[in-house]
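Please read the structure below before turning to the comments.
The values are calculated or read from the model by the stated rules, or taken from the named source; none is laboratory data. Values in this document were obtained by computation on a predicted structure and should not be read as measured data. Reconstructed Cβ throughout: ideal geometry from the backbone, glycine too, with neighbour counts over all protein chains shown.
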Amino acid sequence: MKLNDTKCKNLKPTDKTQKVSDGDGLYLMVYPHGSKIWQFMYSYLGRRQTISFGKYPAISLSEARRLRIEAREQLAKGLNPSAIRKSKKKAQAQELENSFYQVALRWKSTKAAKVSTRTLDTAWKRLERYILPTLKNIPIDKITRQDLLPLLRAVEMDCKRELAK
């Protein structure tokens, strides 16, 4: 029998983990400590696999069903939904690692051995003042000339033409 939002809300934890099915591989796990987590069980290359979609009510019933449909579409194309999710997470982590701020921190630690503390502090303060507020979380390979031009103009307007060069 299909779930509805009222049934999901009214599910109470018991002393054992409950598995309440919505059908077609989607179910809500209700744990003894009170957490409710959407899970999807599927078969890929003859092996049973399970992925979690997130906690209820943060992930609604309709959202969980939409995620199930997406996973079924991926399976129909011969793709493993779990592998796709892992590769997306890895790509996001790599983007965070290569954000402008992270690259700037690596630059700062490399420069620390080569220049004086005063020079490094001056350069870092300029980065913090003019560049980091705008580009901090942008992956370094996604920064374009159009992103840099307004920043340079702001430096120029601050009567620091030599620094802008």
Next on the checklist: Every residue in region 3-53 that is out of contact with any strand residue (DSSP E or B) (no Cβ under 8 Å at 6 or more places or on another chain) and under 28 Å from Leu75 (Cα atoms), please.
Outcome noted: Asn4, Asp5, Gly23, Asp24, Tyr44, Leu45, Gly46, Arg47
Checklist outcome for this item: Matching residues in region 1-27 (under 22 Å from Ala83 (Cα atoms) and in contact with a helix residue (DSSP H, G or I) (Cβ under 6 Å, 6 or more places away or on another chain)) number 1
Checklist entry - Of all helices (runs of 4 or more DSSP H) completely enclosed by region 23-136, which ones contain at least 1 residues that are under 20 Å from the mean Cα position of the chain (by Cα) and touching a residue at least 40 places away in the same chain (Cβ under 8 Å)? => result 61-76, 81-97, 100-111
Checklist entry - Across region 153-163, which residue is modelled with the lowest pLDDT among those that are in contact with a helix residue (DSSP H, G or I) (Cβ under 6 Å, 6 or more places away or on another chain) and surrounded by fewer than 15 Cβ atoms within 10 Å (Cβ to Cβ)? => result Leu163
Item to check | Boolean, Ile84 is of a type outside the set (D, E, K, R), within 26 Å of Asn137 (Cα to Cα) and not assigned by TED's automatic domain parsing to the domain that holds Arg126 | outcome: yes
Checklist entry - If we scan region 61-83, do we find a residue that is in contact with a Leu (Cβ under 8 Å, 6 or more places away or on another chain) and surrounded by fewer than 16 Cβ atoms within 10 Å (Cβ to Cβ)? => result no
Checklist entry - Would you pick out the residues in region 110-136 that are of a type in the set (S, T, N, Q) and surrounded by 14 or more Cβ atoms within 10 Å (Cβ to Cβ)? => result Thr134
Next on the checklist: Here are the criteria: (1) surrounded by fewer than 16 Cβ atoms within 10 Å (Cβ to Cβ); (2) over 30 Å from Asn137 (Cβ atoms); (3) of a type in the set (A, V, I, L, M); (4) over 27 Å from the mean Cα position of the chain (by Cα). Tell me which single one Leu3 does not satisfy.
Outcome noted: (1)
